[in-house]
Amino acid sequence: MKIGGSLGQISNKLKSETKNLENKGKKIWNQTLDDIEAILGHTSNCHASMDQIRIIAMKRYLEYQTTSLRVMWNSNYITKEVVNEVWKIVSPRLKKGADPKIFYLKNYNRLESAIEIDPNNFEFADQKHPCLFVHGMDYESGINSAYNFFKDFNGRVSLFNHPKYQNHELYLVSYDSKITDEYETIIKAAFESLIGVSQDGDSGPLIQAVLWRELEDRARETGDYIVPFLRKLSEHNKQTNNKGFALSHSLGCFTLASAGQIFIEEDSSTQLFALWLCMAAALPANAFSSSGDFELAPFIAGPTDDKVKYGTSVWYSRLDYVLNIAYTLATGHLAMGVTGPLEISRNHVYPTDVTDIVGEQHNTHYFPRLKNTLRNMFEI
């Protein structure tokens, strides 16, 4: 099927259609509120009311999913099937190991203080609160990339420079999720060969969509790598109960969810962190639900007596370009970083809608826009 045009034009069309989701999403949300108010106003049976509300919530989610997937069709050309065909062409040349690493950052402000640790043979310092950062897509494996991710956060929020957090230890997870120029060239050529489009313009979301399966494999490999670290952390917490927090972004949420699921299946008696900030999550929308692939993962964080500062907090934006376009094209379903968690009634999982703050941003402007929100949450 030859369609002409350029990858940049198609990408821009997808971005334009994604913007239209905001008004549609608000309309669906308002309809949901109206229906819930009507139910609560006309029944005295609490259980019956909740059943009706659950049905409405499910229907509204399916409605939003249908609306979102129509965005793909309205682009006229690119579908999940096209992305899969391109992947079949390029995958033999793009398969690569994740090269996972974990670094202990002794001094928050000095890259040179970082030490690579062996997750199987490491001891945490007494009276410290270990914190874990896991970056997402488009980072090389190594301390420079891992530190840049941390600096992007702390440079805006200044969390670890605050006296309240001077007793927190910092650990950085690193793995190869880089989208190189070579990868882009290979994928663009495959698109041109398959559907006859030119390589002009910004085709970032389409490149990411093709690579997503490979990147997810690397994230899962990294998750397996850090499980021994989580076991060591569990032993530390049983002795001291000095829990820190975890922060993951984008593909990094898949990494930590994968590791967390394995750990909790082994040992559900110890929570590893007080808080897990699961931000712009490249996870299926139902990942943390009772039918999801990672239903146990949120239990790495707790207790849950404070919905903001404890448990697993899922930060999502309905307009996230990368997740709405690349993730949906690659997987055929919506990301949790777009919808929020589907079963918000479950313990340990709390949604935080940041659509009005971050809008379509996924990478560069993400933490700068959340600076004040994060500082307020950490009470600094």
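So if R0 is 25 Å, what FRET efficiency would Asp181 and Arg220 give, r being the distance between their Cβ atoms, rounded to the nearest 0.05?
E(calc), rounded to 0.05, equals 0.50.
For Ser91 and Gln166, calculate 0.36 nm times their separation in residues minus their Cα-Cα distance, and state this gained length in nm to one decimal.
Difference between extended and current length: 22.5 nm.
Efficiency by 1/(1 + (r/R0)^6): what FRET value for Leu194 and Glu116, r their Cβ-Cβ distance, R0 = 45 Å, to the nearest 0.05?
0.60
How far apart, in nanometres, would the label points at Glu379 and His333 be if each is projected 7 angstrom from Cα along the Cα-to-Cβ direction?
Computed distance between label sites Glu379 and His333 equals 3.7 nm.
Treat each spin label as a single point 7 Å out from the Cα along the C-beta direction, and report the His365 to Ser269 distance in nm.
Each label point lies 7 Å from its Cα, and together they span 5.0 nm.
Pairs of alpha-carbon atoms within less than 8 angstrom and 6+ residues apart define the contacts here; what relative contact order does the range 78-377 have, in percent?
Rounded, it is 18 percent for the range 78-377.
Quote the FRET efficiency, to the nearest 0.05, computed for Asn107 versus Asn241 with a Förster distance R0 of 35 Å and r equal to the Cβ-Cβ distance.
Given R0 = 35 Å and the Cβ-Cβ separation, E is 0.85.
On a C-alpha basis, how far is the centre of the range 131-162 from the centre of the range 96-111 in Å? Whole number, if you could?
Cα centroid of the range 131-162 versus Cα centroid of the range 96-111: 9 Å apart.
If the limit is 28 Å between Cα atoms, which of Lys164/Lys371; Lys178/Lys243; Lys188/Lys371; Lys106/Lys238 go over it?
Over 28 Å apart, Cα to Cα: Lys178/Lys243; Lys188/Lys371.
Testing the spin-label approximation: label points 7 Å from Cα along Cα→Cβ at Ser291 and Asp99. State their distance in nm.
Taking the simple label geometry, Ser291 and Asp99 are separated by 4.1 nm.
Every number here is computed from the coordinates shown, using simple stated rules; none is lab data. Only a predicted model underlies this, so the values are computations on that prediction, with no experimental measurement involved. Glycine also receives a Cβ, built like all others from the backbone with ideal geometry; neighbour counts cover every protein chain displayed.
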